[in-house]
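Starting off with a structure, shown below.
The values are calculated or read from the model by the stated rules, or taken from the named source; none is laboratory data. Keep in mind the model is a prediction, meaning the values are calculated, not measured. Counting neighbours? That spans all protein chains shown, and the Cβs are built from the backbone with ideal geometry, glycine included. For accessibility, only protein heavy atoms count, side chains too; no ligands or nucleic acids. Shrake-Rupley method; radii C 1.70, N 1.55, O 1.52, S 1.80 Å.
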Amino acid sequence: MPARDAYDAVIVGGGHNGLVAAAYLAQAGRSVVVLERLEGPGGAAVSTRPFPGVDARLSRYSYLISLLPRTIVDDLGLRLALRKRSVSSYTPVERAGGPTGLLVGAGSDMAERTRASFARLTGGDRAHEAWLAFYARTQRVAQRVFPTLTEPLPTRAELRRRIDDEDAWRMLFEEPIGAAIEEHFEDDLIRGVVLTDALIGTFASAHDPSLLQNRCFLYHVIGGGTGDWDVPVGGMGAFTDALAEAARAAGAEIATGHDAMLIETDGRSAEVTYRTAHGEGTVAARHVLAGTSPQELATLLGEQPPAPAEGAQLKVNMLLERLPRLRDSAVDPREAFAGTFHIAEGYDALARAHAEADSGTLPTAPPSEIYCHSLTDPTILDPALAERGCHTLTLFGLHTPARLFRHDNTGVRERLLSATLAQLNAHLAEPIEDCLARDADGRPCIEAKSPLDLERDLRLPGGHIFHGDLSFPWATDGADPWGVATGHVNVLLCGAGAVRGGGVSGIGGHNAAMAVLGR
Ligand SMILES: Cc1cc2nc3c(=O)[nH]c(=O)nc-3n(C[C@H](O)[C@H](O)[C@H](O)COP(=O)(O)OP(=O)(O)OC[C@H]3O[C@@H](n4cnc5c(N)ncnc54)[C@H](O)[C@@H]3O)c2cc1C
């Protein structure tokens with residue numbers, strides 16, 4: 001890249017949203033360069049081989065796709081295969097009669113197994129019927145809200161009219177989601193399973209008056225108009241690769257190893273100064289699109305950062321020699337781990353963990369959920385590993401805010417990891433540690449990332465997986481129809497921090513590109 005050049009748009013941050021914006025703009029004939037500080041694009045949507053000498057390509061951070069609109073895949077001509085999981089979730093629990101659990105299948109094939117599982121847990125069909133009614137309602141909302149995410153923002157009143165269901169409106173947008181969960185479900189375990197969708201990447205309680213948990217819940221149940229979470233075949237890296245290919249094919253340049261340090265703008269044109277291993281350079285453009293967090297953007301502009309964000313999750317990647325056996329012998333581990341396997345996520349347990357973390361201590365029983373990618377898509381494993389029965393396992397822990405790690409990141413991460421694995425082991429017939437594969441140096445194949453690790457590796461502020469708190473999908477400022485504006489007319493947010501931008505969706509990138517193109 002020449003030291004100074006004029007582009008229509010410089011995109012700072014080559015996460016998947018930056019790549020989506022680049023591809024749309026380049027396809028519309030605009031000249032575009034993406035500056036990404038890391039050695040490869042993708043940000044939190046990448047695959048890596050984290051264990052030396054082991055050919056297992058794990059989705060290192062994000063792993064499932066729900067919020068990516070089909071229109072983005074089609075418009076950009078992406079070669080991307082998504083596969084449905086056969087099981088939606090399994091939640092083990094100790095009850096008076098011994099180990100048992102709740103298996104929720106995906107699709108009609110599993111309908112009877114799911115009903116029977118609810119009956120086994122609760123002794124009747126009422127809980128299952130309540131479940132079906134609750135999710136039929138969220139699905140109707142999903143069908144009405146999801147298509148709006150790639151349109152100019154509706155007002156709150158327009159969205160309410162569009163949803164046209166006052167009970168659903170009250171439970172999702174007005175009252176803390178805990179009220180609806182307690183109204184619909186009696187069983188603590190079932191309540192907990194429902195609540196987890198409100199807590200992924202979000203540190204809040206079921207009754208938080210901020211409704212932060214409702215916003216998180218909404219984005220977890222509206223994806224694709226169904227709320228299904230699907231497996232990207234080949235891992236998240238396959239998605240990012242397809243995006244980078246589409247952007248390059250349309251003429252965009254992707255400059256990796258380019259760390260932006262400064263953005264200067266007069267509203268009509270802008271300059272971005274960056275650093276590489278070889279020195280510094282400047283690139284000029286009409287527009288700057290920031291795929292970085294709003295915090296990082298403020299720093300680059302030399303402005304006061306917005307309210308600090310804070311992530312609260314533990315992320316663990318593992319490679320196993322074999323799936324562990326379960327204490328609940330009624331369920332095959334290949335089913336239990338194919339969906340989201342909930343651990344210590346009963347409703348009361350989640351409330352306790354939140355209260356402990358909020359008062360400054362690690363949860364005694366850290367809640368988490370795990371899932372096995374390679375059961376649905378073995379292509380991420382070298383065939384020899386797959387033949388040996390190896391499997392990947394990815395764990396996402398909740399309710400451990402970044403502040404708990406600030407004084408001793410390594411020590412707290414290690415303590416949290418062993419407490420989290422102990423909660424998992426309570427439901428296994430053999431400890432997970434015995435099932436771990438070994439890398440080329442004989443070390444167990446397990447890596448853990450705290451919010452501070454993600455802050456350092458990905459520049460997620462406070463390790464927040466959505467760059468900041470999620471927003472409801474309506475306009476708060478009539479002058480910003482796409483939810484991407486900043487204080488400068490030619491500098492736009494195109495990442496997860498845009499309104500409706502969180503998750504692997506490409507929506508932040510799409511909407512920023514639409515704003516530039518004046519659509
Ligand atoms: C552990 C984890 C698990 C998750 N699981 C899921 C999941 O399963 N499904 C889901 O939908 N979502 C999930 N998410 C959330 C999702 O991954 C993110 O919301 C999404 O990837 C954000 O994409 P983005 O392109 O907006 O930003 P990012 O992916 O954060 O990319 C931003 C890019 O900007 C670069 N950058 C930052 N500053 C600069 C600079 N100054 N100069 C140059 N480059 C810079 C960064 O290096 C990075 O590559 C998860 C996130 C994490 C962390």
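Please verify whether residue 245 is more than 28 Å from residue 371 (Cβ to Cβ), open to solvent by 30 Å² or more (accessible area, probe 1.4 Å) and within 23 Å of the chain's Cα centre (by Cα), treating the condition exactly as stated.
So residue 245 fails the test.
Have a look at 70, 60 and point out the one that is touching a strand residue (DSSP E or B) at 6+ places or on another chain (Cβ under 7 Å) and not acidic (Asp, Glu).
None of the others qualify; the one that does is 60.
Matching residues to (1) touching a Cys at 6+ places or on another chain (Cβ under 9 Å); (2) within 11 Å of the ligand (Cβ to nearest atom); (3) under 26 Å from residue 240 (Cβ atoms); (4) of a type in the set (D, E, K, R):
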| residue | (1), (2), (3), (4) |
| --- | --- |
| 423 | no, no, no, no |
| 427 | no, no, no, no |
| 447 | no, no, yes, yes |
| 464 | no, yes, yes, no |
| 473 | no, no, yes, no |
| 476 | no, no, no, no |
| 500 | no, no, yes, yes |
| 509 | yes, yes, yes, no |
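Is there a residue being within 16 Å of the ligand (Cβ to nearest atom), touching a helix residue (DSSP H, G or I) at 6+ places or on another chain (Cβ under 7 Å), hydrophobic (A, V, I, L, M, F, W, C) and over 27 Å from residue 468 (Cβ atoms) anywhere in region 323-330?
No, region 323-330 contains no residue that is within 16 Å of the ligand (Cβ to nearest atom), touching a helix residue (DSSP H, G or I) at 6+ places or on another chain (Cβ under 7 Å), hydrophobic (A, V, I, L, M, F, W, C) and over 27 Å from residue 468 (Cβ atoms).
So if I check each of 137, 115, 120, which one is farther than 29 Å from residue 509 by Cβ, touching a strand residue (DSSP E or B) at 6+ places or on another chain (Cβ under 9 Å) and either open to solvent by less than 60 Å² (accessible area, probe 1.4 Å) or in contact (Cβ under 8 Å) with a residue 12 or more places away in the chain (or both)?
120
On the given criteria, is residue 286 away from the ligand (no atom under 11 Å from the Cβ), of a type in the set (Lys, Arg) and outside any strand (DSSP E or B)?
no
Looking for whichever is among the basic types (Lys, Arg) and closer than 19 Å to residue 291 by Cβ here; the options are 95, 60. Which one fits?
Checking each option against the conditions leaves just 60.
Out of region 208-242, which residues are aliphatic (A, V, I, L, M), more than 11 Å from the ligand (Cβ to nearest atom), assigned to a helix (DSSP H, G or I) and open to solvent by less than 20 Å² (accessible area, probe 1.4 Å)?
Within region 208-242, 218, 221, 242 qualify.
Looking only at region 485-519, which residues are touching a strand residue (DSSP E or B) at 6+ places or on another chain (Cβ under 8 Å), touching a residue at least 40 places away in the same chain (Cβ under 8 Å) and more than 26 Å from residue 63 (Cβ to Cβ)?
486, 488, 490, 491, 492, 516
For every residue, the table says whether it meets (1) at pLDDT 95 or above; (2) under 22 Å from the mean Cα position of the chain (by Cα).
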| site | (1), (2) |
| --- | --- |
| 47 | yes, yes |
| 52 | yes, no |
| 63 | yes, yes |
| 76 | yes, yes |
| 79 | no, yes |
| 83 | yes, yes |
| 89 | yes, yes |
| 92 | yes, no |
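Just name the residue that is nearest to the ligand (Cβ to nearest atom) out of those in region 289-309 that are surrounded by fewer than 21 Cβ atoms within 10 Å (Cβ to Cβ) and modelled with pLDDT under 95.
For region 289-309, the residue satisfying everything is 305.
Considering only residues of region 152-170 that are of a type in the set (A, V, I, L, M) and in contact (Cβ under 8 Å) with a residue 24 or more places away in the chain, which is surrounded by the fewest Cβ atoms within 10 Å (Cβ to Cβ)?
Looking at residues that are of a type in the set (A, V, I, L, M) and in contact (Cβ under 8 Å) with a residue 24 or more places away in the chain, I get 168.
Given the criteria within 24 Å of residue 470 (Cβ to Cβ) and assigned to a strand (DSSP E or B), does residue 272 qualify?
Against the criterion (within 24 Å of residue 470 (Cβ to Cβ) and assigned to a strand (DSSP E or B)), residue 272 does not qualify.
Another one. State whether one or more residues within region 330-350 are hydroxyl-bearing (Ser, Thr, Tyr), farther than 18 Å from residue 105 by Cβ, open to solvent by 10 Å² or more (accessible area, probe 1.4 Å) and assigned to a helix (DSSP H, G or I).
Taking every residue of region 330-350 in turn, at least one turns out to be hydroxyl-bearing (Ser, Thr, Tyr), farther than 18 Å from residue 105 by Cβ, open to solvent by 10 Å² or more (accessible area, probe 1.4 Å) and assigned to a helix (DSSP H, G or I).
Here's a follow-up. Scan region 416-458 for residues that are in a helix (DSSP H, G or I), among the polar types (S, T, N, Q) and either without any contact (Cβ under 8 Å) to a residue 40 or more places away in the chain or under 28 Å from residue 37 (Cα atoms) (or both) and jot them down.
Correct list: 418, 425.
Those residues that are in a loop (DSSP other than H, G, I, E, B) and in contact with a Phe, Trp or Tyr (Cβ under 9 Å, 6 or more places away or on another chain), I need them from region 187-207; list them, please.
187, 197, 198, 199, 200, 201, 202, 206
I need a count of the residues in region 1-57 that are in a loop (DSSP other than H, G, I, E, B) and either within 16 Å of the ligand (Cβ to nearest atom) or in contact with a helix residue (DSSP H, G or I) (Cβ under 6 Å, 6 or more places away or on another chain) (or both).
Adding up the residues that qualify gives 15.
Examine region 185-205 for a residue that is open to solvent by 60 Å² or more (accessible area, probe 1.4 Å), of a type in the set (S, T, N, Q) and out of contact with any Gly (no Cβ under 6 Å at 6 or more places or on another chain), and state whether such a residue exists.
No: zero hits.
Is there a residue being crowded, with 19+ Cβ neighbours inside 10 Å, without any contact (Cβ under 8 Å) to a residue 24 or more places away in the chain and at negative phi anywhere in region 402-415?
no
Still on this structure, please answer the following. Consider residue 64 carefully, then state whether it is hydrophobic (A, V, I, L, M, F, W, C), in contact with a helix residue (DSSP H, G or I) (Cβ under 8 Å, 6 or more places away or on another chain) and under 29 Å from residue 455 (Cα atoms).
Answer is no for this residue.
Tell me yes or no: at least one residue of region 371-381 is in contact with a Phe, Trp or Tyr (Cβ under 9 Å, 6 or more places away or on another chain), open to solvent by 20 Å² or more (accessible area, probe 1.4 Å) and not hydrophobic (A, V, I, L, M, F, W, C).
Within region 371-381, none of the residues are in contact with a Phe, Trp or Tyr (Cβ under 9 Å, 6 or more places away or on another chain), open to solvent by 20 Å² or more (accessible area, probe 1.4 Å) and not hydrophobic (A, V, I, L, M, F, W, C).
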